[in-house]
Amino acid sequence: MWNEIASWQEMLTHRPDLSAKTIALYTQDARRFATWLQSEHPGLKATEITPIDAKTYRDHLLAKRFAPTTINRALISLMLFFDTLDGTNPFRHLTMIEVVEPAPVALSKTEWNAIRRCAEQLVRRDHGLALALATLFRYAGPRVSEVAALQIPDVQIGARRGLLIIRRGKGLKHREVPLVQEAREPLDAYFNHREHLAERWRERATVDGNAVAAWSRWPDGHLFLGQRGPLTERGIREIIAKLGQAAKLTSPLGPHDLRHTFAKSLLDPAAYGLDRPPMPLPAIQQLLGHADIATTTIYTRVSADDLARMMGVSEAS
């Protein structure tokens, strides 16, 4: 069988759609199978392998605790390999391992509180920028690209109500998200600083003899500004990542983690100490801007932490 694998590898190198890394993985899978076959069935030819042998090998990989994705790739590799040999392909109709995507990782109430405290400690230095960003992601769930594109009129703050307007969301879709008090207050505080920034940029342009940049103006310029202009997606990610580091989270923090937390808090309010019923999935879909409700259903998956909480198991126990 080793000669057949060598010939197959040579054949794969002439396929422009396959990278060197992919070819290496395919041949590695075939060689691992050949080694197993040599150990279990010495002298058995490749053309003599049956679907029962293929199933036995799949079960062997499961017993060795290979990841489901690794096992499925191996089965595909072997199916491709046996397609090049004479006879029936024993891997052609073999059932793949079902891969269950993990539930999106949402922050716990404790983790979010730590992040918020770190953002609050930065207010004097950054004039509330980090706090406004973090609370916007956590309590309204926009995508980072949507936040980078926000104009000042897209966030409306009132005494009792607020509204986030996404004018060009994913797929150029328009949506509106109500803003709760936890998001309104930091945004309102940042608005005061943003108005001062507009005056600063206007004065700088006047001194330099330049026209005032449209993005810097008040009240119709970009909402979030950095030192050189509108805050970019990269700049936003860096601010959020630094909050995660300051809060000593065990995993890197990104805007999408806060978006996941927003969605999870709507679906499972009890996990965040909220005394209210879960929000229906179609409503969550609308708030997140998902084109397909199937995308929203990933938040219904139960994580290991959720199961532990439901069973009353604490970290200490």
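The values are calculated or read from the model by the stated rules, or taken from the named source; none is laboratory data. Model, not experiment: these values are computed from the prediction. Every residue, glycine as well, gets a Cβ built from its backbone with ideal geometry; the counts of neighbours run over all protein chains shown.
Can you find a residue that is charged (D, E, K, R), under 25 Å from residue 228 (Cα atoms) and modelled with pLDDT under 95 anywhere in the range 170-181?
no
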Selection status of residue 261, modelled with pLDDT of 90 or more and farther than 30 Å from residue 174 by Cα: no
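If only one of 266, 258, 253, 274 is in a loop (DSSP other than H, G, I, E, B) and surrounded by 19 or more Cβ atoms within 10 Å (Cβ to Cβ), which one is it?
Result: 253 is the single residue among 266, 258, 253, 274 that is in a loop (DSSP other than H, G, I, E, B) and surrounded by 19 or more Cβ atoms within 10 Å (Cβ to Cβ).
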Subset of the range 50-91 that is in contact (Cβ under 8 Å) with a residue 60 or more places away in the chain and over 37 Å from the mean Cα position of the chain (by Cα) - its residue that is farthest from residue 23 (Cα to Cα): 85
Matching entry among 248, 170 (being surrounded by 14 or more Cβ atoms within 10 Å (Cβ to Cβ) and among the charged types (D, E, K, R)): 170
Set 73, 58, 65: member being farther than 18 Å from residue 11 by Cβ, of a type in the set (Lys, Arg) and assigned to a loop (DSSP other than H, G, I, E, B): 65
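Given the residues 187, 197, which is the only one that is without any contact (Cβ under 8 Å) to a residue 40 or more places away in the chain, under 19 Å from residue 236 (Cβ atoms) and assigned to a helix (DSSP H, G or I)?
When all the criteria are applied, what remains is 197.
Applying the selection to the range 233-283, what residues are small (Gly, Ala, Ser) and within 19 Å of the chain's Cα centre (by Cα)?
Result: 235, 241, 244, 251, 254, 263, 265.
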Close pairs from the range 4-29: first without any contact (Cβ under 8 Å) to a residue 40 or more places away in the chain, partner β-branched (Val, Ile, Thr), Cβ under 6 Å, at least 6 apart: 9/27; 12/23
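For every residue, the table says whether it meets (1) among the charged types (D, E, K, R); (2) in contact (Cβ under 8 Å) with a residue 40 or more places away in the chain; (3) under 17 Å from residue 247 (Cα atoms).
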position: 104; (1), (2), (3): no, yes, no
position: 117; (1), (2), (3): yes, yes, yes
position: 120; (1), (2), (3): yes, no, yes
position: 134; (1), (2), (3): no, yes, yes
position: 148; (1), (2), (3): no, yes, no
position: 157; (1), (2), (3): no, no, no
position: 168; (1), (2), (3): yes, no, no
position: 180; (1), (2), (3): no, yes, no
position: 183; (1), (2), (3): no, yes, no
Every residue from the range 48-81 that is touching a Ser or Thr at 6+ places or on another chain (Cβ under 9 Å) and hydroxyl-bearing (Ser, Thr, Tyr): 50, 77
Hey, residue 116 assigned to a helix (DSSP H, G or I), assigned by TED's automatic domain parsing to the domain that holds residue 265 and under 28 Å from the mean Cα position of the chain (by Cα) or not: yes
Positions within the range 277-291 being out of contact with any Leu (no Cβ under 6 Å at 6 or more places or on another chain), free of Cβ contacts under 8 Å to residues at least 60 places away in the same chain and surrounded by 15 or more Cβ atoms within 10 Å (Cβ to Cβ), in sequence order: 281, 285, 290
Of all residues making up the range 229-241, the number that are closer than 13 Å to residue 129 by Cα and surrounded by 15 or more Cβ atoms within 10 Å (Cβ to Cβ): 7
Residue in the range 155-169 that is among the aliphatic types (A, V, I, L, M) and in a helix (DSSP H, G or I) present: no
